[in-house]
Every structure is written in structure tokens, then in C-alpha cells.
Amino acid sequence: MKMYREEAREIPVAAQVDVLVLGAGPAGFSAAVCAARQGANTLLVEQGGDVGGIATSGLMSHWTGTTQGGFYEEILDRSADCRGGKDLGFNGSERNIINPERLKTVMLQMLEEAGAHLRLYTFASGVVMEGSRLRGVIVESKSGRQLIEAKIVIDCTGDGDIAAKTGAAYTKGREGDGAMQPVSIMFKVGGVDYSRAIFPGGFEEEIEIPGKGGVQALGKKKLPFPAGHVLLYRSTLPGVVTCNMTNCIGIDGTSADDLTHATLICRSQIEPITAFLRENVPGYEACYVVSSASLIGVRETRHFKGLATITEQDILSARVFDDWAVTKACFNFDVHNMTGNGLDATGSQKNFTQTKGYTIPYGCLVPEKIDGLLLAGRDISGTHLAHANYRVMPICANMGQAAGIAAALCVEHNIQPRALDVALLQKELIAQGVTP
Ligand SMILES: Cc1cc2nc3c(=O)[nH]c(=O)nc-3n(C[C@H](O)[C@H](O)[C@H](O)COP(=O)(O)OP(=O)(O)OC[C@H]3O[C@@H](n4cnc5c(N)ncnc54)[C@H](O)[C@@H]3O)c2cc1C
């Protein structure tokens, strides 16, 4: 590749903060609120124009799994259309169904109440290092190229964009071949007759359509490959259903060219999928597209090497680590097929039997060799299969809670994350109702 050498230049220091959180998805939002509540001067930086990440801009259907407790419960208490014994939605909603528009507003309120500062439309692009210690993050925005200095940075960008720039070690995707889970653009259809509609919510949920066969088999036959599975989720709005059905394989979510290509592929599938629903699926005969995600859904990219690494064996054995930071995490191994549609052969949804939940050790949030940096969300240290479990939003939100508190404690005690006495973190988590 032809290269160009940029000239050195002076840039403004836009802010000097205790805790800088990058990325306002479930992990980053939670980290920023929890760090600010501990009294740390906290700034949350997000590339997009909304907070919530995949939960809102990604137009996500629901908080998945049966994770219990932690900051996740507080998000539900504040944002769910079905809460406090009242159904504020229209469809007899379950508590974990997301109304993205309400969630965006509630998240902004919670950040403000906590005293966290927010900078939207700002991309974190570079690092200022002092040896192996991260001292600040270079950001780009309408305001130009600026530096934000921070005592502790929490990388919640999903891809770990800034952690990667520090030189922190990582691998991408599956061990061995680096294959990464497919990407999707979520969209919503309106005009659905809920009294007759079906809602297949898992790859292995085959629902018979009279005279036509199983809906999954039908999708595989009629939808443009690599689309093919039929995943339809109730919303809280009348006649509106969330579709998780576009699919693009062989994509590296850290490449702008790949993301552009995937956007073209996924968007080209939306009309054929809608036509398929109208022609084949009961209740969807008059459906039409009402909205689509402004943020493409990337499931998997970098897995950083932490002081600890969580594995599938830890999850299967419901392991309680002594240095737990996240507790009662509960989901299955949701590996989407990396060469087509449906579930990957290594995925386990119907047959996943561990229902006790597992813990995530604090060491998974601490990069092995870099100081001044914590990780939370889908970029923490874990194997490909473990990631297929902990990547869901309730677990990412609770990681954010732990990382936010840990960062504030590091600032308070003037120490690096690797030196934090985990008992201090656990004491605060227990005070907030988090127990192993
Ligand atoms: C298609 C799809 C369907 C899914 N379905 C479900 C589901 O039904 N239920 C469930 O619980 N989970 C689901 N997941 C998983 C879940 O949504 C994600 O794993 C989870 O949102 C990860 O949280 P996060 O906070 O780590 O990252 P994200 O939600 O990805 O948030 C990262 C944020 O960082 C911002 N950002 C990225 N890079 C930068 C940068 N350099 N500078 C500034 N900002 C940056 C992004 O704009 C974004 O707001 C799904 C994921 C996908 C992709």
C-alpha cells in the first residue's frame, strides 16, 4: 500500500478527566454512569449521534438470556415499556423487549443524573502513550483533531479500536482460522397482524406453516443466500415486529471497506425478506418496512489478551471465580453459521443446559501488558466460544458496571487497574446488590 507521512502538528487538549469511556453501547453507557456515580470526573465519547450502541442505533429487539442482577436490572427498571406492574407498550410486552426510542432518552437522563459528561459525533482514533501506559486518546470530530487526557480509559468500542492502538495483544475471531461471526442490519416491519403472527425466535425453532412446511426450511429455500434463517421478535408497538434476518458472512468488522460491502449486501436483502414474509408467513401478509438500523450489527472482531481469559469450560461449569466482577451471567453459545445461515455446528442453543449462570473474573477486563486501560463489552478477554455467550447485552452492561467502578477506584487510590485489590471492587458491587 502506498503510504503518506503526516506532518507533526499541535492539537488542543479538549479535556482532562479521571475516567474516559469510549463507545456508548450497553457496556460503555453502564461504565460511564457507574464511574460517575463513584465520584470520578467521567467523559463518555461516542462516534454516533445517539447513546445505546447496538441496543438503540442497532435497533435491537430484546435483552437476551436470563442474566440476573447488576446494573442491567436498573436499565430495565428505567427503560422497559413493561415495568412497575404496568404495561406502557401495546402488546402485553415482556420486560426485556427494547423500545429503542425510549431507551435512548432514558440513557441520556441516567448519564445526566450521574453527572457523566457526554461527547457525541466523536471518533476515538489514536493514542498517546508513555511507555506501556495509555495517557490520552486522540479524537476526531467536527471540532477537529483533539486530545483527551485521562487517568483511566475504558475501551467499550466493541472492536477495541483504542486498545488495539495501544499495542495490547489480541486475536480476531475463532481460534485457529480467525473466522468471525456474520454481521446483520436489523430492521422493523409494521402492519403485522399479531393475532395470527408467528415469532420464531431461535434458529432451531421450526414452526409449521400450513401447506408450506417449516418456516426455517422455507427461509433457507426462498431467501437470498447467505440470508435464510427466520428470526422475528415482538416489539412493544402495535403491529411492529423486529427482524433479525439480514446476513453477511466473511466480514472483518474492523475494516471500513468490509463494513461498506456488508451494508450493501444486508440492505439488498431487506426487500426480498419483506416480500418473503408477505407471501409466506401468517400475519405478515400486509407488512412493510418501517425502519432499519443506522449502525450495522457486528457480532465479533477482536478478543484482547487479559490478565485472565474466560473459556467455554468456565461457562459450562458455572464457575465462580474468586476475583469475580460480573455474576449470574446466563445465556447459551450463540454462534451463527460463519459459512451460511442458521446456527454454526459449534453453536448450542436448544441443548445448552447450564442454567445456573457463571461469573466473569476481573482479570478479563484488564489488558495483559498495558496500563491506564480497562476493557468492557464484547472486546474483553475470552475465547471465541465463550464470547458467543458473554457478548449479549445484559452481560455487557454488567461488565460496564464493574469496569466503571474499578476505574473510579483506581483513580481514587492512584493505582493501575492491574494493582486494584478486587476485594474493594467486590465490596462496592455487593453494596450495589451484585453477589456471586
Ligand atoms: C445483529 C445482532 C443481533 C444481536 N442480537 C442480540 C439480542 O437480541 N440480544 C442481546 O442481548 N444481544 C444481541 N446481540 C449482541 C449485542 O448487541 C452486542 O454484543 C452488544 O451490544 C455489545 O455491547 P458493547 O457495548 O460491547 O458494544 P456495542 O453495542 O457495539 O457498542 C459500541 C459503541 O461504540 C461506538 N464506537 C465504536 N467504535 C468507536 C470509536 N472508535 N470511537 C467512538 N465510538 C466508537 C459504537 O458506535 C457503539 O455505540 C446482537 C448483536 C448483533 C450484531
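The values are calculated or read from the model by the stated rules, or taken from the named source; none is laboratory data. Predicted, not measured: the structure shown is a model, and the values here were computed from it. In this analysis, Cβ positions are derived from the backbone assuming ideal geometry, glycine residues included, and neighbour counts consider all displayed protein chains. Calculation scope for accessible area: heavy atoms of the full protein, side chains included, ligands and nucleic acids excluded. Shrake-Rupley method; radii C 1.70, N 1.55, O 1.52, S 1.80 Å.
Below are the figures for this structure:
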item	result
Test for Arg418: is it modelled with pLDDT of 95 or more, away from the ligand (no atom under 16 Å from the Cβ) and either out of contact with any strand residue (DSSP E or B) (no Cβ under 6 Å at 6 or more places or on another chain) or not in a helix (DSSP H, G or I) (or both)	yes
Residue count, region 148-165 (criterion: assigned to a strand (DSSP E or B) and open to solvent by 20 Å² or more (accessible area, probe 1.4 Å))	2
Residue count for region 281-329, restricted to those that are aliphatic (A, V, I, L, M), surrounded by 19 or more Cβ atoms within 10 Å (Cβ to Cβ) and not in a loop (DSSP other than H, G, I, E, B)	6
Residue in region 258-280 that is in a loop (DSSP other than H, G, I, E, B) and within 27 Å of Gln349 (Cβ to Cβ) present	no
Enumeration of residues in region 353-381 that are under 20 Å from Thr67 (Cα atoms) and open to solvent by 30 Å² or more (accessible area, probe 1.4 Å)	Thr353, Thr355, Lys356, Arg378
Only one of Ala31, Ala14 that is within 11 Å of the ligand (Cβ to nearest atom), in contact (Cβ under 8 Å) with a residue 12 or more places away in the chain and not in a loop (DSSP other than H, G, I, E, B)	Ala31
Those residues of region 18-28 which are within 15 Å of the ligand (Cβ to nearest atom) and either touching a Lys or Arg at 6+ places or on another chain (Cβ under 8 Å) or of a type in the set (Lys, Arg) (or both), in sequence order	Ala27
Qualifying residue in region 359-371 (condition: among the small types (Gly, Ala, Ser) and closer than 19 Å to Asp159 by Cβ)	no
Hits in region 74-100 - residues which are modelled with pLDDT of 95 or more and either among the acidic types (Asp, Glu) or open to solvent by 40 Å² or more (accessible area, probe 1.4 Å) (or both)	Glu74
Unique residue being out of contact with any helix residue (DSSP H, G or I) (no Cβ under 6 Å at 6 or more places or on another chain) and of a type in the set (Val, Ile, Thr) when the list is Ile405, Ile380, Ile430	Ile430
Some residue of region 120-128 being buried (at least 19 other Cβ atoms within 10 Å of the Cβ), modelled with pLDDT under 95, not in a helix (DSSP H, G or I) and not aromatic (Phe, Trp, Tyr)	no
Verdict on Leu103 being in contact (Cβ under 8 Å) with a residue 24 or more places away in the chain and open to solvent by 10 Å² or more (accessible area, probe 1.4 Å)	no
Test: residue in region 6-16 that is of a type outside the set (Lys, Arg), crowded, with 24+ Cβ neighbours inside 10 Å and more than 18 Å from Glu113 (Cα to Cα)	no
Members of region 224-246 found to be among the hydrophobic types (A, V, I, L, M, F, W, C), open to solvent by less than 10 Å² (accessible area, probe 1.4 Å) and out of contact with any Ser or Thr (no Cβ under 9 Å at 6 or more places or on another chain), listed by number	Val230
Residues being in a strand (DSSP E or B) and touching a Pro at 6+ places or on another chain (Cβ under 8 Å) - total across region 210-255	2
Options Gly433, Gly377; residue that is within 16 Å of the ligand (Cβ to nearest atom), assigned to a loop (DSSP other than H, G, I, E, B), among the small types (Gly, Ala, Ser) and in contact (Cβ under 8 Å) with a residue 60 or more places away in the chain	Gly377
Some residue of region 330-349 being open to solvent by 30 Å² or more (accessible area, probe 1.4 Å), free of Cβ contacts under 8 Å to residues at least 12 places away in the same chain and more than 15 Å from the ligand (Cβ to nearest atom)	yes
Any chance Gly211 is among the small types (Gly, Ala, Ser), without any contact (Cβ under 8 Å) to a residue 12 or more places away in the chain, farther than 28 Å from Asp81 by Cα and open to solvent by 60 Å² or more (accessible area, probe 1.4 Å)	yes
Residue pairs meeting the criteria (Cβ under 7 Å; at least 6 apart or on separate chains; first touching a residue at least 12 places away in the same chain (Cβ under 8 Å), in region 117-130; second of a type in the set (Lys, Arg) and not in a strand (DSSP E or B))	Tyr121/Lys142; Gly126/Lys165; Val127/Lys165
Residues of region 247-269 satisfying the condition of being farther than 20 Å from Asn337 by Cβ and touching a Ser or Thr at 6+ places or on another chain (Cβ under 7 Å)	Thr254
Count of region 40-85 residues which are among the aromatic types (Phe, Trp, Tyr) and away from the ligand (no atom under 12 Å from the Cβ)	1
